[in-house]
1. Largest first and to the nearest Å, give the Cα extent of the protein assembly as shown along each principal axis.
2. Using label points projected 7 Å from each Cα along Cα→Cβ, tell me how many nm separate B:Leu13 and A:Lys10, to one decimal.
3. Give, in nm to one decimal, the length gained when the segment between B:Phe179 and B:Thr2 is fully stretched (0.36 nm per residue of separation minus the Cα-Cα distance).
4. Hey, can you list the DSSP H helices of chain B whose Cα span along the axis is 27 Å or longer and whose average Kyte-Doolittle score is at least -1.0?
5. Provide a whole-number value for the mean count of partner chain Cβ atoms within 10 Å of the Cβ atoms in peptide A:37-50.
6. Ranking request for peptides A:32-41, B:163-172, B:55-64, A:57-66: highest mean number of other beta-carbon atoms within 10 Å first, then the rest in descending order.
7. Please compute the Kirkwood hydrodynamic radius of chain B from all pairs of different C-alpha atoms, in Å with one decimal.
8. Calculated from DSSP H runs of 4 or more alone, at -39500 (n - 2.57) each and per residue, what is the 222 nm mean residue ellipticity of chain B, nearest 500?
Amino acid sequence: MPESKPRFSKPMAFFWLLRLNRTVMVATITGAAAFTAGAGVARSLWMTLAGWCLAVGGFSLDFYADRDLDIRGPRAEIRHNPLATAPSLRRQGWLSL
Amino acid sequence: MTFIAASFVVTFLIAPWALLPWGIILAVIVGLALHLFETPLARALTLGLLQALYALVGAEAGRLSLGLGLLAGMFFFAMFGGRGMIGIRDFPQDEVTRVQTLPKRYGAKRTAQFTAVNLLISYALSLAAYFTGEFSIIYLYLDLAFIAIGLVCAWLFATRPSPKLAYVLTMVFMMGEGFLICLAMILGSL
């Protein structure tokens, strides 16, 4: 099957990697749980950040693991994997993945 | 790895005990990346487990209580069942791939029933959390709204499951219901 053409510019690929539609919810759950547990505002915000970073890292790892699969066939149309479709990111192993 | 390392450092500095659920999350994420959980139920279980573990990571920054444990269970069942909704939403695309999903294995109707039952369990757990006495009446009001919206959505989905409806409902759950229960947790514990 033919390889898909790159569809993301580098900034766009970075933005897509953040998966804000999912990671914000995960971060909110982590932060809300911390606040509910009596951690206070500052510590809860730090835990929100920790949860968000872990979620972004997790989704990026998933993208990285599937970068070769997601470049071909129907998966290329479905997954919108920036690590599969942005050649510069693939070359550099960008985001230190 | 940059984001994961940053998360590790922050978690270690703020709540070292949270590294236990944090490590389990990382193990599940690595397992998913290595395609170790490819069966439909395993995928649903990991999704539910991840949400519950994220709640526990946050809870370890303070005092883990029965109410928070019930809410972690609520997140587990909501997302465990939510996987069925996602499977029906993505069914037209998944048909042309080899990915195994709940609707492909068990059919749309049984998947919708599976989702509805899990959502009902999650609503029961969210209500049970109030009766631990750890939350104020504000939590109850918001939780009742959360349950009412959720029951309507679950009933709609169980009676006429379709990718289009699943698309709309996943938006309702991700953007609306998720934030509503988090707001209930925060305001209810003030």
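1. 60, 48, 29
2. Distance between label points: 2.8 nm.
3. In short, 61.0 nm is gained.
4. Flagged H segments are B:40-59, B:66-89, B:108-130, B:137-159.
5. Values: counts 16, 8, 8, 2, 0, 1, 5, 5, 1, 6, 13, 3, 5, 16.
Mean shielding by partner chains, rounded to a whole number: 6.
6. B:55-64, A:32-41, A:57-66, B:163-172
7. 17.4
8. On the way: 10 runs with 147 residues, N = 190.
Estimated from H runs of four or more residues: -25000 deg cm²/dmol.
Bear in mind these aren't lab numbers, they're just calculated from the coordinates by the rules spelled out. Quick caveat: nothing in here was measured; it's all calculated off a predicted structure. Cβ: placed from backbone, ideal geometry, glycine included. Neighbour counts: every protein chain shown.
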